[in-house]
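Worksheet: one structure, shown below.
FYI, it's all coordinate maths here, none of it is from the lab. All of these numbers come straight from a predicted model, not from anything done at the bench. Backbone-built Cβ (ideal geometry, glycine too); neighbour counts: all protein chains shown.
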Amino acid sequence: MVDFLQALVDGVMLGATYSLLGLGFTLIFGVLRRLNLAFGPTILVGIYAGSHVGLAWPGALWAVVAATVVAAILCGIYVERCSFRALARQAPVVSMISTFAVWMQLQELVSLFEASRTMPYPSPAWLPALTVGPILLRSDALLMWSGATAIMLALFVLLYRTRFGTAVRAVADSSEAAALMGVNVSIIGAAAFLLASTVGGLAGVLIAQSQQQVTPYFGLWATVKGLTAMLLGGAGSLPGAVAGGVILGVVETQTLWHFGGQWRDLASFALLFLVIALSPRARSEPTL
Amino acid sequence: MSDYAVSLLVRIGVEAFVALSAYLLLVIGRVSFGQQAFFVIGGYAAGIATALYGAPLAVGIMVGAVAAGVAGALLSAVMAPVGGIYFAAGSLAFGELVRVALLSFHYQVPVGADLTGPAGADGFRGVRALFTGGVSATAFMLAVAGLVALTFLAIALLLRSRWGEAMRMVGEDETASASLGVRVRRVAALTMAGAGALAGLGGGLFVHYVTYIEPGHSDVMLGVHSLAYAFIGGLGTPLGPIIGVALDIGLLESFRFLAGYRMIVFGGLVMGLLVVRPRGLLDEVAVHRLSRLVAWGRR
């Protein structure tokens, strides 16, 4: 029972970052109705930038965070210009293939600037671990969860309590109707992209400080986790993406705890596959 | 012909099958990130047939294609009614499930002095039918090229038939084609089985050429690349994906002098191409103009 609870708590903490990745995916997919495969690789570039800054100025944690987020945002702007704005009148699938081309570029960019395959990422070592009864809360996991929760709260206030957020949700609901109501759809699209890149960069900081290192595979990993979190919650729903991320995290840590590491990915993909196979919504989504 | 050129051509041929497999699904409007799974299923099945049970090379490769085709048909039971982003994600999940499942797939049989067969994460070594059968690399390359040509012809004819018409209708609008009497599920299921068999054929050829296959070959990157090939070469004809593969592998090889910047240049080229020609080099309009040109030449 304690094992189950411990894995549950670990899963919720891990899942909070998956929720952030899922929210980033949902912001772009919900508003633009297009998939951004390069979402993970943009975060990867951010983390590498942060890692280099961390090596150059040890101890300057704020500089690491700033470098990570700024680099992720710059890459996000690049993706938006090349794969979305330039292809706005084409079928959505063309944008998706284009983001894949950007992905290859970003991946190569990262390998140009790295000395070794694995780069260290600083984490605030002074934070204490907490024990609540028999449950251990690791300091990096606690930071991951509290950081992710704070970002999500801020994001939900922005999206549900401001005029800007109402416009974003209106465009996601129906871009034609929003345009008729005087919303500038293309500016909202670009803003949603920026917002998603910012959320992605912050998620990157939280994940990288917990893992304390980063490899070039992070890009693929982040894209797959974000996509899974978004789809588990029903593509396009913001609260759904949060729930999807937490479910994914809990399923992963529970299988890790009870069955071992090699089943962890099997369980998460089996879950995604089952949800798609059984969901009636998947059968009524005609085009990509 | 140098060994290097032969190996390059075999690589182009093998990947052409996966690209054609992704192209078939694009015709019915399905974006798949999972064709690498069928490639690997075909490779394992073909390797098991020749290396473990002594089947002749041609039979083994057929077994691989049939096994992957059956896997495609089984998957279609679940995925045929699914469309859009859900099909893409479902096929991605399937591809990763196959990869993870193969990590713990052990099936070793004593052949001669030692054990041969799939050994989990260590992969499946010692598929030597090509060498024990005395097939030279050049002869194998020619056979692969012939198979690619035959497959191209078969798909081109299929797309001109009533079946191809039905497939394109499903790709355009499922509801409208169903109302005109097209059995959408059946078309989708058969296409998925055929696409699986094509990728499996590529896998069977691959495993015999390199004598080795491992779960890691079911790599999402292979699936996404094969999708991109159709968009580079053109969606208007099955020649498009083949041209896409040849361009990718050929250009990458000729970009060697760019060393670390290869992917940056290549990714930029693909991105620019999609802005200028969003349906690839040989899109429907280009194909139509070319065929008019040929017809005019004949007159």
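To the nearest 500 deg cm²/dmol, what mean residue ellipticity at 222 nm is calculated for chain B from DSSP H runs of n ≥ 4 alone, each contributing -39,500 (n - 2.57), summed and divided by the residues?
-23500 deg cm²/dmol
Calculate for chain A the 222 nm mean residue ellipticity that helices alone would give, adding -39,500 (n - 2.57) per DSSP H run of length 4 or more and normalising by residue count, nearest 500 deg cm²/dmol.
The helix contribution divided over chain A gives -25000 deg cm²/dmol.
Please give the Cα centre distance for segment B:250-299 versus segment B:61-101, rounded to the nearest Å.
Centre-to-centre (Cα) distance: 29 Å.
At a Förster distance of 22 Å, what's the computed FRET efficiency of B:Tyr4 paired with A:Phe113, Cβ-Cβ distance as r, to 0.05?
About 0.10, to the nearest 0.05.
Across peptide B:225-232, how many C-beta atoms of other chains are within 10 Å of each residue C-beta, on average?
Taking the mean over all residues of the peptide, I get 3.
To test your reading of the geometry: what angle, between 0 and 90 degrees and rounded to tens, separates the Cα axis of helix B:184-210 from the longest principal axis of chain B?
40 degrees
Let me confirm one metric for peptide A:86-97, namely the mean number of other chain beta-carbon atoms within 10 Å of its residues' beta-carbons.
Rounded to a whole number, the mean comes out at 5.
Using only Cα atoms, find the angle between the long axis of helix A:218-232 and the longest principal axis of chain A, and express it within 0 to 90 degrees, rounded to the nearest 10.
Tilt relative to chain A: about 70 degrees.
In what order do A:Leu21, B:Leu282 fall by count of nearby beta-carbon atoms within 10 Å, going from fewest to most?
The most exposed by this proxy come first: B:Leu282, A:Leu21.
Once the other residues with Cβ under 11 Å from the Cβ of A:Leu266 are scored (Lys, Arg +1; Asp, Glu -1), what is the net sum?
-1
Taking Cα atoms, how many degrees apart are the long axis of helix B:137-160 and the longest axis of chain B, rounded to 10 and kept between 0 and 90?
With both axes taken from Cα atoms, the answer is about 30 degrees.
What ranking, highest mean first, results for peptides B:125-134, A:41-50 when packing means the other Cβ atoms within 10 Å averaged over each residue?
A:41-50, B:125-134
Under 13 Å from a label point 7 Å along Cα→Cβ of A:Met1: give me every residue in segment A:123-145 with its amide N that close.
Within reach of a label on A:Met1: A:134.
What is the fewest-to-most order of A:Ile247, B:Ile61, B:Ile85 by other Cβ atoms lying within 10 Å of their Cβ?
With the sparsest Cβ surroundings first, the list reads A:Ile247, B:Ile85, B:Ile61.
Rounded to the nearest 20 debye, what is the charge dipole size of segment A:2-280 about its Cα centre when +1 sits on each Lys and Arg Cβ and -1 on each Asp and Glu Cβ?
560 debye
Sorted from largest down, what three extents in whole angstroms do the Cα atoms of chain B have along their principal axes?
Answer, in whole Å and largest first: 62, 47, 42 Å.
Starting with the highest mean, order B:179-190, B:88-99 by the number of other Cβ atoms within 10 Å, averaged over the residues of each peptide.
B:88-99, B:179-190
With 26 Å as the cut-off, how large is the P(r) tail for chain A, expressed as percent of Cα-Cα pairs?
43 percent
Enter the Cα centre distance for the pair segment A:51-75 and segment B:181-204, rounded to the nearest angstrom.
Rounded to whole Å, the Cα centres lie 48 Å apart.
In what order do B:Trp296, A:Trp57, A:Trp103 fall by count of nearby beta-carbon atoms within 10 Å, going from fewest to most?
B:Trp296, A:Trp57, A:Trp103
From other protein chains only, count the Cβ atoms within 10 Å of every residue's Cβ in B:275-282, then give the mean.
What the average comes to for B:275-282 is 3.
For chain A, what relative contact order do you get, as a whole percent, if you take Cα pairs closer than 8 Å and at least 6 residues apart?
38 percent
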